[in-house]
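Beneath this line is the structure, given in structure tokens, with notes to follow.
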Amino acid sequence: MIGVAEIAAARERIAGRVRRTFCDPSPSLTERTGHPVWLKLEHQQITGAFKLRGATNAVARLGPETGGVTAASTGNHGRALAHAASAAGIPCIICMSRLVPRNKVDAIRSLGAEIRIVGESQDDAQEEVDRLVADEDFTSIPPFDHPDVIAGQGTLGLEMLEDVPDAATVLVPLSGGGLIGGTAAAIKGTRPEVRVVGLTMERGAAMQASLEAGHPVRVRELPTLADSLGGGIGLHNRHTFELCRTHVDEVILLSEEEIAGGIRHIYREERQVVEGAAAVGVAALLGGQVRPEGPTVSLLSGANIDMDLHARIVAGEDVDLMREAS
Ligand SMILES: *Cc1c(COP(=O)(O)O)cnc(C)c1O
């Protein structure tokens with residue numbers, strides 16, 4: 001299983017290629033909770049999300065025999081892989097279906113990747129990834145269930161402990177579990193007494209359902225403000241399920257209203273723009289689902305939100321993406 005040694009090695013490998021982000025104190029949340037609360041400002045990472053750490057580490061570990069890297073991700077992982085490959089000077093093909101909106105396609109293309117549009121679904125895009133691997137010597141870099149990706153994300157745990165050495169609780173957004181798996185491995189391997197809490201949305205909490213079932217399960221996907229937390233953990237999950245089962249102390253689910261409240265608070269009080277996935281830790285502090293018992297660090301994982309949507313949320317509009325989709 002991935003531990004501090006692999007994560008420390010990843011940190012050396014990616015140094016200078018990703019931003020070393022910092023923890024800022026939050027006076028408003030400190031006053032509210034009665035304990036020092038810190039925000040890890042990882043939404044300020046290059047490409048707007050932490051996924052650059054894992055992608056950069058995975059790309060740096062490739063042998064000379066690879067023809068390039070590929071993935072079927074239109075979100076933060078696709079952006080990260082496009083940037084990491086371009087920075088390393090290796091080809092990158094991001095596969096996506098015809099249904100992906102134009103602005104997402106353009107965003108990834110502008111980061112230096114070739115875009116391949118195939119079929120009508122994520123499954124069709126994944127088939128093209130598999131073909132590139134089989135026929136053209138490409139290497140598939142998945143968004144979370146890969147040791148080098150997990151070790152790259154784990155570098156966040158080392159940084160947080162450096163900045164807040166007396167941390168008692170760390171709040172980490174959770175979807176496929178690469179982020180919290182790596183971060184928790186770094187933290188528990190250094191200071192096992194720190195509480196690591198995973199946060200995700202009520203609408204489609206795949207890891208939580210899998211932990212409860214004792215094995216990976218599928219859940220229904222619904223539109224959510226925390227779109228970067230969507231998707232399953234893979235029925236053949238190899239790494240992140242075990243890491244979460246071993247290291248994560250608790251998982252908390254947030255409603256859409258609570259996530260919107262987190263985005264709003266982070267904008268108004270902290271003056272930061274974050275996406276829904278990044279707001280879950282602050283949302284749980286505001287809602288009282290997490291009650292700090294000492295210094296607490298909440299990880300802001302990404303900033304890639306549609307700015308019109310953000311404007312509506314911070315203006316206090318009652319936004320429900322499920323209602324809008326129907
Ligand atoms: C991918 C992502 C997450 C969740 O990471 P996992 O490794 O899938 O658990 C959280 N926040 C943002 C912004 C992301 O892009």
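Where a number appears in this text, it was derived from the coordinates with a stated rule and is not lab data. In this text, all values refer to a predicted model and were calculated from it rather than measured experimentally. We place every Cβ from the backbone using ideal geometry, glycine too, and count neighbours over all the protein chains shown.
Results, tabulated for the structure shown:
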item	result
Relative contact order %, the chain, counting alpha carbon pairs below 8 Å whose residues are six or more apart	20
Gain on full stretching of the segment that runs from Glu269 to Glu202 - 0.36 nm per residue minus C-alpha separation	21.6 nm
Listed residues Pro165, Pro216, Pro295, most fluctuating in the chain (Gaussian network, C-alpha, under 10 Å)	Pro165
Antiparallel bridge percentage (DSSP; both residues within the chain; nearest 5)	10
Point-to-point label distance, Ser86-Leu99, nm (Cα→Cβ direction, 7 Å offset)	2.7
Over the chain: helical MRE at 222 nm, DSSP H runs n ≥ 4 each giving -39500 (n - 2.57), nearest 500	-13000 deg cm²/dmol
Cross-link reach list, lysines versus Lys40, counting only Cα pairs under 22 Å and skipping chain neighbours closer than eight places	Lys51, Lys188
Length released on extending from Arg131 to Glu324, taking residue separation times 0.36 nm less the Cα-Cα span	65.9 nm
Positive-pole candidate from Asn237, Ile266, Leu253, dipole of the range 236-277, charges at beta carbon	Asn237
Residue among Gly261, Gly152, Gly288 with the largest mean-square fluctuation in a Gaussian network model of the chain, springs linking Cα atoms under 10 Å	Gly288
Efficiency of FRET between Thr190 and Glu212 - r from beta-carbon atoms, R0 22 angstrom, step 0.05	0.20
In the range 84-132, GluC sites (Glu not before Pro) in a DSSP loop with at most 13 other beta-carbon atoms within 10 Å	Glu120
Candidates Ile233, Ile90, Ile252, ranked by Gaussian network fluctuation over the chain, Cα under 10 Å, top entry	Ile90
Shape parameters for the chain, alpha-carbon atoms, Rg then Dmax in Å	18.5, 58
Mean separation of Cα contacts under 8 Å, 6 or more apart, over the residue count of the range 229-326: relative contact order %	26
Lys, Arg +1 and Asp, Glu -1 on Cβ, resulting dipole of the chain about Cα centre, debye, nearest 20	540
